[in-house]
1. Can you tell me how region B:207-258 classifies by the Cα gyration tensor, rounded, prolate or oblate, using a/c under 1.5 as the rounded cut?
2. Name the long-range amide H neighbours of B:Thr313: under 5 Å, sequence gap of 5 or more, or other chain; modelled H, no Pro or chain starts.
3. Can you tell me how much longer the chain between B:Asp48 and B:Ala682 gets when fully stretched, taken as 0.36 nm per residue apart minus their C-alpha distance, in nm with one decimal?
4. Collect residues whose amide H, placed 1.01 Å from N in the peptide plane, falls under 5 Å from the amide H of A:Leu21; neighbours closer than 5 in sequence don't count.
5. What is the log10 of I(q)/I(0) for region B:270-360, computed with the Debye formula using one identical point scatterer on each Cα and no solvent, at q = 0.17, 0.19, 0.21 Å⁻¹?
6. Among A:52-61, B:184-193, how do they line up from the highest to the lowest mean number of other beta-carbon atoms within 10 Å?
7. Taking K and R as +1 and D and E as -1, what net charge do the other residues with C-beta under 12 Å from the C-beta of B:Val691 add up to?
8. Taking R0 as 35 Å, what FRET efficiency do you get between A:Ala73 and B:Val9 from their Cβ-Cβ distance, rounded to the nearest 0.05?
Amino acid sequence: MTGTGPGVDAGDAARDPAAGLVVNQRRVMLLAAAATLERGADEVAAAVRPLTAALEAGAWAGPAADAWARELAQVWAGLSRAFGDAAVDCADTARAQPEWVAPDDPRAVRPSALPGFPRDGR
Amino acid sequence: MPGPSERVVLDTMLARTLANRLRELRELLGRWARTVAVLLGPLGWPVDPTAVLRAGAGWADRSAAALTRRIALAEAADEGAGPPPAPGPPGTSGTAGRRLVVTLRPDPFHGDADAARAAGARLGAALVGAALAPTADLAMLRAVAARLRLAADDADLLDGVVTAIGPSRLAAVLRLAERVTGGGFTVMATAAGYQVGPARGGDRGRPDAPGRWLPTAVAGELTAVLGAALAAFSRSGRLTAAWLSRFNARGIPGTAETTLLGPLLAARRFSPSTLRMLGDALFASMDLHGNRFGTRAGTLTDPTGLGTGAPATRDIGCYGGDPGGRRRAAYGAAVLRAIADEPGLAARFADAHVEAILAGSRLAALPLATGVPPPVSDAWAYLVSRAGGPDARRVDPTGAATFMAHLGFAVYRYQAEHTDPGRRMDTSWPLPAGLRAVFADLLHVWRHELYASAANLLPAAEALRDPSGDGLVASWPAGAATGNPAGPWSTRLAGPADGTRIPARVWAALLGEALAAGGPTAETLIGDAAGQAAGLEQAGWLSTRGYRGDGRAAYPASPRALVHLQQAAMVAFFLTTLTDTATRLALRAELAAGEEARRATMAIDQLAAVARAIKVDDVLGSLYGITLGVVVTGVADAAKPDGEPSPATLAAIARVADAAAVLPGWQDAYRTSATAVWLRRADDPIAPVDVVDATGTRRTFTGDPRADGFITGTADDFLDPADRPLPPERMSPAARSAYLRWLASPAIVANNDNIPTAPG
């Protein structure tokens with residue numbers, strides 16, 4: 001099995017036969033993280049939209065509601081900025097990495113998961 | 001410092017949706033914080049957005065809690081500001097979708113529900129400490145009551161109060177406030193404040209000794225604020241059978257001193273499910289066998305089915321003294337009145353207990369000491385008046401129609417079993433005059449359904465018809481649980497129109513009882529009969545305007561013939577019921593003695609006054625004429641001190657009834673001949689009828705239900721493949737309605753050459 005996705009085991013990593021190099025797993029994972037974070041921004045936007053829709057439909061009105069709507073806008077802006085910035089940072093960091101590395105390079109092996117978290121997935 | 005007063009505009013349903021969406025957002029952000037940790041942790045956190053995600057989740061959580069609290073505060077403020085909220089359209093529950101515009105008091109807790117609960121808990125602890133101390137701290141009790149009055153709209157705070165007091169200590173406090181003796185409990189000072197338990201040994205230092213009772217003024221303040229607190233606790237869904245299982249001052253599990261709740265129930269609205277539970281237990285604790293009213297322990301069961309399998313909670317009334325059962329009676333009346341004022345609950349609850357209500361009311365009307373407490377029998381009548389009243393009808397149409405059907409059915413069965421004028425038998429116990437007057441009010445509310453049923457072309461609800469004959473079933477159908485959304489007593493139709501399918505003889509039973517009340521109620525009932533007959537005539541004329549056209553068309557019958565027939569049926573129904581009632585009352589007067597005979601004779605004379613005023617050659621016209629003056633005069637004439645009804649009186653009534661009679665079975669006869677007109681259309685073509693509607697547009701009725709727009713699709717198709725009308729009991733509600741409209745349509749009526757006419 002060949003491939004460059006995050007689901008590929010380190011032992012199966014594609015080798016560049018010409019140079020004897022292997023895929024830079026760190027780069028692969030950074031790109032995957034960037035894609036996932038972009039999806040996260042979309043999911044959060046989809047969850048926030050009904051909130052503003054309910055407000056506009058008249059769920060709650062008054063000075064406190066206006067203040068809260070401003071808070072909502074700020075929180076939403078903060079969240080989309082956090083997701084967007086993180087995705088861009090991950091992509092930039094990935095681009096700064098070489099695509100292929102020597103087999104004994106630490107980046108040739110996928111980093112292990114944090115204690116208490118599964119590797120990959122949600 | 002609390003913020004300023006705030007004007008809030010809320011749509012309760014949308015705002016609840018908003019709070020739920022906020023909780024979903026919190027969950028989503030929590031999941032993403034975890035996902036980000038999985039993705040970026042192993043990479044050594046090149047970036048770290050988790051702080052923003054966790055902050056967002058926290059904000060969503062706080063917002064949801066604050067909004068939920070705000071909705072509760074606004075609803076409580078709105079409810080406290082005026083009468084109970086106008087109920088929503090059928091199908092919506094309670095306050096859903098209501099738009100509230102209220103000015104909220106400053107929230108001292110700034111939207112923090114937990115802080116409000118904690119403050120409530122402190123108040124609850126202070127209240128228990130002040131009330132249960134060997135010498136009550138009255139100043140503290142007044143201060144707590146004043147604080148709770150200010151927080152009467154704060155469900156979170158009140159929840160904290162009730163939770164901190166707990167059921168057993170609440171029962172003890174209420175015993176001291178309501179001055180109940182013989183509790184058999186003791187108060188212990190512990191590190192966690194005063195606790196209660198069963199008393200052992202002598203009665204020294206009894207906590208329920210009169211010396212420890214709270215002064216009336218303080219007690220009144222306290223029961224009012226505790227009532228509001230418990231109502232809030234109930235509305236939050238926590239006042240369950242399990243909670244009540246410890247509601248006794250002895251702290252014994254499984255027993256509830258519900259009677260102590262009596263003074264609290266009027267404070268604020270309790271939740272319908274709490275009221276239903278208390279009400280069902282109330283009826284279970286009533287003993288109506290024989291001719292004595294008694295009480296026994298009942299069982300409290302959550303109507304929601306929550307806690308099934310848990311040990312049963314017994315409703316024991318209360319420990320100790322209740323001389324004459326006065327406390328229990330006051331409690332029972334309070335529960336019944338609270339239920340009656342919940343239009344979404346009243347009809348279904350009253351339906352479930354209608355036989356007991358009628359039996360108890362008959363017992364209460366006996367001229368003996370039967371022990372029925374007057375507050376309870378008054379509350380029964382109030383419950384009946386609300387269960388079939390306009391509010392219940394609007395909020396719960398199916399429940400209200402079912403209640404009316406069940407009420408009428410129970411009265412009908414009782415009459416059928418206990419009276420037989422033919423054999424000169426009457427072993428019935430009459431209903432109280434107050435309840436009869438309530439029936440009259442209800443019949444006014446349901447006048448359209450009543451007379452529509454009397455003139456209905458189709459047989460009434462199948463569920464109540466005895467399949468073996470012409471009569472009604474012997475007992476209310478077992479499958480008639482009101483939870484059935486399709487309408488229990490008629491398995492076919494739902495909604496307010498159901499009332500028209502209550503069999504006419506069931507309506508007649510109620511009308512007879514209402515007429516027997518005599519007095520001004522009869523006036524209203526005559527007005528209803530005349531009004532309905534007049535309305536029918538008006539509708540008939542409107543729907544057949546201009547049918548004579550150029551005068552060249554000749555029809556076998558007038559297209560208004562059916563209306564006249566139905567009108568005659570309505571009048572005959574009323575007058576027959578009037579005659580039957582007079583006959584029953586006459587027999588009663590003959591069999592009974594003394595006061596009852598005098599009252600029966602008086603009522604007969606009133607009915608005779610109505611009958612005398614009716615001209616035999618113009619029954620309908622004279623009905624209009626007598627709606628006012630005559631009855632009042634009749635009442636005055638009839639107020640004679642004694643005497644049996646004179647033969648002339650009875651003759652006057654009988655004469656009118658004869659004049660108003662319609663041919664029995666006219667409905668079937670009409671339907672048969674109308675069907676024949678339709679089926680023989682190939683040989684005898686149906687002559688079309690042109691009418692002019694209200695806008696001046698001409699419309700032609702051909703008699704074909706499809707061409708005339710009565711059948712618009714498969715849903716309302718009442719014809720079988722051979723184009724014959726299906727048997728009515730097999731028609732869907734839509735088809736049934738279409739069939740009825742077609743039967744009464746101008747072409748079918750005008751071409752019907754065999755319309756049955758009144759005898760004589």
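The values are calculated or read from the model by the stated rules, or taken from the named source; none is laboratory data. Being a predicted model, the structure only gives us computed values, none of them experimental. Ideal geometry is used to build each Cβ from the backbone, glycine not excepted, and the neighbour counts take in all protein chains shown. Remember, those area values only see protein heavy atoms, side chains included, never the ligands or the DNA or RNA. Shrake-Rupley method; radii C 1.70, N 1.55, O 1.52, S 1.80 Å.
1. Numbers: a/c = 4.49, a/b = 1.28, b/c = 3.51.
Oblate, since a/c reaches 1.5 and b/c is not below a/b.
2. B:Leu300
3. Values: separation 634, 0.36 × 634 = 228.24 nm, distance 8.71 nm.
Stretched out fully, the B:Asp48 to B:Ala682 stretch lengthens by 219.5 nm.
4. The answer is A:Asp16.
5. With one equal scatterer per Cα and no solvent, log10 I(q)/I(0) is -0.77, -0.96, -1.14.
6. Values: A:52-61: 17.0, B:184-193: 14.3.
So the peptides A:52-61, B:184-193, ranked by packing, come out A:52-61, B:184-193.
7. Values: positive: B:Arg545, B:Arg548, B:Arg560, B:Arg698, B:Arg699; negative: B:Asp690, B:Asp693, B:Asp708.
Every neighbour counted, the sum reads +2.
8. On the way: r = 20 Å, r/R0 = 0.57.
The value I calculate is 0.95.
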